[in-house]
1. Do any helices (runs of 4 or more DSSP H) lying entirely in the range 129-195 carry at least 2 residues that are touching a residue at least 12 places away in the same chain (Cβ under 8 Å) and touching a strand residue (DSSP E or B) at 6+ places or on another chain (Cβ under 6 Å), and which ones are they?
2. Kindly indicate which of 237, 189, 242 is modelled with pLDDT under 95 and closer than 30 Å to residue 31 by Cβ.
3. Which of the residues belonging to the range 237-276 are over 22 Å from residue 288 (Cα atoms) and under 17 Å from the mean Cα position of the chain (by Cα)?
4. Looking at (1) touching a helix residue (DSSP H, G or I) at 6+ places or on another chain (Cβ under 6 Å); (2) more than 30 Å from residue 277 (Cα to Cα), which is the only condition residue 23 fails?
5. If you take the residues of the range 136-151 that are over 11 Å from residue 187 (Cβ atoms) and modelled with pLDDT of 90 or more, which of them is surrounded by the fewest Cβ atoms within 10 Å (Cβ to Cβ)?
6. Which residues, counting only those in the range 119-128, are at pLDDT below 95 and either in a loop (DSSP other than H, G, I, E, B) or more than 13 Å from the chain's Cα centre (by Cα) (or both)?
7. Can you say whether residue 107 is part of a helix (DSSP H, G or I), farther than 21 Å from residue 34 by Cα and in contact with a strand residue (DSSP E or B) (Cβ under 8 Å, 6 or more places away or on another chain), as far as the supplied structure shows?
């Protein structure tokens with residue numbers, strides 16, 4: 001009972017804090033977000049070191065360039081917090097002017113196939129605001145996610161992601177629910193930029209290094225033939241720009257393992273290409289290359 005009461009108090013304090021931050025304009029919220037990011041960079045040694053290590057792995061920067069890059073990454077994380085709070089006080093109608101959509105025809109085209117849509121995305125820009133974009137397009141988004149261990153924050157984030165008709169699908173045993181959503185011609189988003197255990201993924205190149213990548217997207221695409229549409233929401237000076245790229249071709253050779261690896265490799269390439277265009281807006285504080293491989297990875301095996 002005490003634990004539940006404490007969680008309830010923390011949840012309501014979180015809501016009050018977000019509501020207070022929501023009174024700020026977007027530009028002021030972003031300024032505060034950048035300041036918070038600088039503070040986090042100084043205080044959060046663990047994630048600072050992860051970011052520095054990852055950036056060093058992906059780019060040949062000097063020590064000073066790497067540190068400046070990492071600071072901007074933390075600024076992005078701080079802005080995500082304040083932008084999300086800002087969005088909570090605004091209706092879909094009031095949010096609409098802040099969102100620019102590029103490639104909407106790609107998502108509409110994919111829907112016409114009648115197989116549902118798999119949205120390939122990543123922890124990029126402000127990924128928490130993808131649900132308003134989907135609502136603006138009149139295609140509510142279902143998101144596969146890993147529930148947070150901290151109940152008050154989990155409850156709060158769930159409210160953010162579902163307020164415009166979206167739905168969350170817990171990662172554990174998600175396959176059947178995703179299949180059902182696709183059979184109902186719905187759009188399901190998978191964030192494909194996180195490290196996974198060997199049993200959950202396949203190794204595919206990411207920034208020149210083998211990264212264990214979730215094989216779920218490839219399995220779903222191969223089973224259902226649902227189109228895979230890359231979707232990224234980046235920050236710009238006026239607000240946000242949602243990019244819907246053309247559906248990716250499904251690679252089929254008849255060899256299931258090879259097809260899993262080659263399709264997953266294709267997904268990594270798309271994410272990497274977008275991260276390279278706007279590098280500071282990606283989630284560099286995650287151990288993307290944490291799972292190690294001791295055997296040749298796809299591009300070496302299939303030369």
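1. Correct list: 130-136, 174-183.
2. Every option except 237 fails the conditions.
3. Hits for the range 237-276 are 240, 241, 242, 243, 244, 245.
4. (1)
5. Per the stated criteria, the residue is 136.
6. Passing the criteria: none in range.
7. Considered against the rule, which asks whether it is part of a helix (DSSP H, G or I), farther than 21 Å from residue 34 by Cα and in contact with a strand residue (DSSP E or B) (Cβ under 8 Å, 6 or more places away or on another chain), residue 107 comes out as yes.
The values are calculated or read from the model by the stated rules, or taken from the named source; none is laboratory data. Remember, predicted model here, so these are calculated numbers, not experimental data. Methodologically, a virtual Cβ is constructed for each residue, glycine included, from the backbone with ideal geometry; neighbour enumeration extends over all protein chains shown.
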